[in-house]
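All remarks here apply to the structure that follows.
Please treat every number below as a calculation from the coordinates, not as lab data. None of the values given here were measured: they were computed from a predicted structure. No Cβ is skipped: glycine too gets one built from the backbone with ideal geometry, and neighbour counts run over all protein chains shown.
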């Protein structure tokens, strides 16, 4: 995915803005984002913010379909990853300096075509594609970085089924809908 106009400085500004968003929530101070503007600040991008502490996942929240300009969505997702991920306790002020922030900017999802689930899975590009699985009202996604842990496409889709609260082998007997997207991710 090519994002024009996002320099190394722009990436650093977005990472600093995400950290500032968490800090302002912790301290109650107002957010002044004027020093963190980038060429993408007012554009619409899907965005995930992932937090790591000592190399372990500490929170991850995002929106695939953007609902606000990037600057606003990024702050909202950083705060949600720190304080609203149901898998973790809220981040504390003391803990924040140990946390590393990762941002993923997402392209628009595209449907995966195929005559059957095997055909759909065969066109997935490990380490390139993020994948969205939809079945009825259930939806789950894995960012492209998840291929690092689940290198085999069948295992990847099985884990995605489980994340969507379906049996791991659901895709082997029932029709699934897949979408792919790409991500530009960068971290502190």
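Each of 91, 49 has some number of other Cβ atoms within 10 Å of its Cβ, and from fewest to most they run 91, 49.
The angle separating the long axis of helix 70-83 from the principal Cα axis of greatest extent in the chain is about 80 degrees.
Above 20 Å, the calculated P(r) of region 110-182 contains 16 percent of its Cα-Cα pairs. Mean-square fluctuations from a GNM of the chain, with a 10 angstrom spring cutoff on Cα atoms, peak among 145, 137, 172 at 137.
Label sites at residue 96 and residue 128, each approximated as a point 7 angstrom past Cα along Cα to Cβ, lie 4.0 nm apart.
Taken along its principal axes, the alpha carbon cloud of the chain reaches lengths of 52, 36, 27 Å, longest axis first. Between residue 173 and residue 72, the modelled labels are 4.6 nm apart [label points 7 Å from Cα along Cα→Cβ]. Normalising the Debye intensity of region 8-106 to I(0), with uniform scatterers on Cα atoms only, and taking log10 at q = 0.11 Å⁻¹ returns -0.28. Largest GNM mean-square fluctuation among 78, 34, 68, using the chain with Cα springs under 10 Å: 34. The ranking of 102, 118 from fewest to most other beta carbons within 10 Å of each one's beta carbon is 118, 102. Among 54, 129, the order by Cβ neighbours within 10 angstrom, fewest to most, reads 54, 129.
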